[in-house]
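Before any comments, here is the structure.
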Amino acid sequence: MTRVTMDRFVRAGMMFRRDWRLGYGLALASFALALFSRFHLQGTLPPGFPYLTFFPAVIVTTFLAGLWPGILCAALCGVAALYFFIPPVNSFAMDGASTIAIGFYIFIVTVDIALIHFMHRAADRLEAKKRVTEELYDQQRTMFQELQHRVANNMTFVSALLQLQKRKVATDPGSASFALDEAQSRIETMSRIHRRLYDPASVDLPVAEYFQEICADLLQATGARNIVCLVDMPAVKLDIARLTTLSLLVTELVTNSLKHAFADDGGTITLKLERLDPQRLTLTVSDNGRGVPAEVDMAASKGLGTRIVQSLAAQLGGEVRALTNLGRGAAWQVVFAA
């Protein structure tokens, strides 16, 4: 039997085992064919071969259709052999010889069915392990591709960050130390976020709890006191790439509030994620700090933080805008695709 024929035979067996109607139909068809063949050979075979056509029927049925169709076929074949082909024929009467013959039949078909059944179970376990291996391979390949993509994006982000700081130093050489410190702080913050993001325990957290921990990291990193970060987010599932981008955006906005919004008496920063409709989400980051002077247009600002926020919002396929007329404090809102 060639490999192609064997593969087709195995696939046919899987079809019979999946559908019980096909399985039991095969059992009845195999029994009928075996009984017909045995009657056809009645005058050809010498006495003493009552099971010659029945054993192959049981083996083929069990192999293709599984345990219970095989047992059904074996039972029907045993009853037919006892009635039609084991003396006294056309009777279910049993003597010592017929008892031995039936016992021999039961032993053989039991061994055959058991061996084939255990073979099926072993094959099913191997198939399950194969599927798990394939899934793990696909998962690792996807994670590796995502890691490459993310590293490339991070290098681009760092390059852009240093380029912006370079321009700032070019116009004000005295700010070189401050510019380098600011760049170092942003890179370290990004590093902490990525360590948390690629920690399996963190990725599986609810979105609200995950961003609560991000805020806690920022509060600890900046040494902020008397400042509370409130997170109000529904159970939304985000892929790693979008979660990373949103994390960096939140980090930038929260850091901006921590640096500029509060006096020594502290305050509150609020993160709120809402679903506008099935296609859009909106993130609002607000504080109740000192607010923005009336003459300052946050949306038109060309500062480094604003540029970073606008770039991250664009990566999400969304846009960012400054909210006004909120009274005390400041707020940014990002609308992006869900």
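Summary table below
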| read-out | value |
| --- | --- |
| Residues of segment 23-38 satisfying the condition of being within 19 Å of H120 (Cβ to Cβ) and open to solvent by 70 Å² or more (accessible area, probe 1.4 Å) | Y24 |
| Members of segment 188-241 that are of a type in the set (D, E) and modelled with pLDDT of 75 or more | E188, E209, E213, D217, D232, D239 |
| Selection count where residues are of a type in the set (G, A, S) and loosely packed, with under 15 Cβ neighbours inside 10 Å, scope segment 76-96 | 3 |
| Filter result for R141 (modelled with pLDDT under 75, surrounded by 10 or more Cβ atoms within 10 Å (Cβ to Cβ) and under 37 Å from the mean Cα position of the chain (by Cα)) | yes |
| Failed item, numbered, when L64 is tested on (1) of a type in the set (A, V, I, L, M); (2) closer than 20 Å to F16 by Cβ; (3) open to solvent by 20 Å² or more (accessible area, probe 1.4 Å) | (3) |
| Failed criterion for G291 (all others in (1) assigned to a loop (DSSP other than H, G, I, E, B); (2) out of contact with any Ser or Thr (no Cβ under 7 Å at 6 or more places or on another chain); (3) at pLDDT 80 or above; (4) open to solvent by less than 30 Å² (accessible area, probe 1.4 Å) hold) | (3) |
| Count of segment 206-236 residues which are without any contact (Cβ under 8 Å) to a residue 24 or more places away in the chain and not in a helix (DSSP H, G or I) | 1 |
| Selection status of R131, open to solvent by 80 Å² or more (accessible area, probe 1.4 Å), under 30 Å from V58 (Cα atoms), modelled with pLDDT of 75 or more and not hydrophobic (A, V, I, L, M, F, W, C) | no |
| Candidate set: segment 297-316, residues that are surrounded by 12 or more Cβ atoms within 10 Å (Cβ to Cβ) and part of a loop (DSSP other than H, G, I, E, B); chosen: the one modelled with the highest pLDDT | L316 |
| Residue in segment 258-281 that is in contact with a helix residue (DSSP H, G or I) (Cβ under 9 Å, 6 or more places away or on another chain), aliphatic (A, V, I, L, M), at pLDDT below 85 and in a loop (DSSP other than H, G, I, E, B) present | no |
| Selection count where residues are farther than 13 Å from V207 by Cβ and touching a strand residue (DSSP E or B) at 6+ places or on another chain (Cβ under 8 Å), scope segment 219-256 | 9 |
| Members of segment 242-267 that are more than 16 Å from E188 (Cβ to Cβ) and open to solvent by 30 Å² or more (accessible area, probe 1.4 Å) | R242, N256, H260, A263, D264, D265 |
| Selection within segment 53-75 - under 42 Å from the mean Cα position of the chain (by Cα) and over 12 Å from V109 (Cα atoms) | F63, L64, A65, G66, W68, P69 |
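Okay, residues lined up against (1) modelled with pLDDT under 75; (2) β-branched (V, I, T); (3) within 20 Å of the chain's Cα centre (by Cα):
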residue: G103; (1), (2), (3): no, no, no
residue: F107; (1), (2), (3): no, no, no
residue: T110; (1), (2), (3): no, yes, no
residue: D124; (1), (2), (3): no, no, no
residue: A152; (1), (2), (3): yes, no, no
residue: A170; (1), (2), (3): no, no, no
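The values are calculated or read from the model by the stated rules, or taken from the named source; none is laboratory data. Since this is a predicted model, take the numbers as computed values, not measurements. Neighbour counts are summed over all protein chains in view; Cβ atoms, including those assigned to glycine, are modelled from backbone coordinates with ideal geometry. Each accessible area value is taken on the protein alone, full model and side chains, heavy atoms only, with ligands, DNA and RNA left out. Shrake-Rupley method; radii C 1.70, N 1.55, O 1.52, S 1.80 Å.
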